[in-house]
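Working notes for the structure below.
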Amino acid sequence: MTAGPAYSGDVTVGGPPARRELRGLRVTKVAVGAYDNNAYLLECTATGERLLIDAAAEPDTLLDLIGPAGLGRVLTTHFHFDHWGALAEVVERTGATTLAHPADTVGIPVPTDTPVRGGDEVRVGEVLLRAVHLVGHTLGSLALVYGEPGGAHHVWTGDALFPGGVGKTHGEPALFTALLDGVEAGLFDVLGDDTWVYPGHGRDTTLGTERPHLPEWRERGW
């Protein structure tokens, strides 16, 4: 199932969320905070179970998005402060279980209930997501991949992959190489061009749009 005409993936802080209906999974994207972070609410359409990816900022906005249906779990893609600014309040108000990679839990000021490592399964009701560990932007950055039944793959990349390049690696060549190698091996080498990418900031993209530019990214070093 492809995106309907109402979904573009383009959201702005203070603006309405964007909703996308996939087979088995409802995706709602909202932009929050001073750093224009994206937060994603994933809901299993069969069971109503829900996962929030990055309680980044504006707890009232996120709680309004969650609404009375509640929230089961929240995953933090990495420890940078702009991705967990609303985490404490969202957890307190919803009782949600927290998930993050063990390498990044030290930088998240809310205890992690469930550590998630590369290759682990993250279930949202009947929906199965696969975790991909991507070292470079941080040591514990996570992406989540969903294979839509009979359709394309979908991947939530945090700050590891954006339109136009991988995430910042703070001027460290070894970290840049690790991140680009990981993105190529963990995403581009195993997923098709129609894979939809939902990043931690800004607009969506696809692997097919970005794939031709991989050599350019490696040559420029960022």
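Data overview
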item: Cβ pairs under 7 Å, 6+ apart, first in region 152-166 and under 14 Å from Val127 (Cβ atoms), second of a type in the set (D, E, K, R) and surrounded by fewer than 23 Cβ atoms within 10 Å (Cβ to Cβ); result: His154/Glu148
item: Index of the failed condition, Val106 passing every other in (1) part of a loop (DSSP other than H, G, I, E, B); (2) more than 16 Å from the chain's Cα centre (by Cα); result: (1)
item: Residues located in region 52-88, provided they are in a helix (DSSP H, G or I) and more than 15 Å from Pro17 (Cα to Cα); result: Pro68, Ala69, Phe81, Asp82, His83, Leu87, Ala88
item: Output for region 22-42, where each listed residue is closer than 16 Å to Leu87 by Cβ and either crowded, with 20+ Cβ neighbours inside 10 Å or under 10 Å from the mean Cα position of the chain (by Cα) (or both); result: Val30, Val32, Asn37, Asn38, Ala39, Tyr40, Leu41
item: Flag for Glu89 being in contact with a helix residue (DSSP H, G or I) (Cβ under 6 Å, 6 or more places away or on another chain), surrounded by fewer than 17 Cβ atoms within 10 Å (Cβ to Cβ) and not hydrophobic (A, V, I, L, M, F, W, C); result: yes
item: Residue count for region 196-222, restricted to those that are among the hydrophobic types (A, V, I, L, M, F, W, C) and part of a loop (DSSP other than H, G, I, E, B); result: 1
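Every number in this text was worked out from the coordinates using simple rules, so none of it is lab data. These figures come from a predicted structure and were not determined experimentally. Methodologically, a virtual Cβ is constructed for each residue, glycine included, from the backbone with ideal geometry; neighbour enumeration extends over all protein chains shown.
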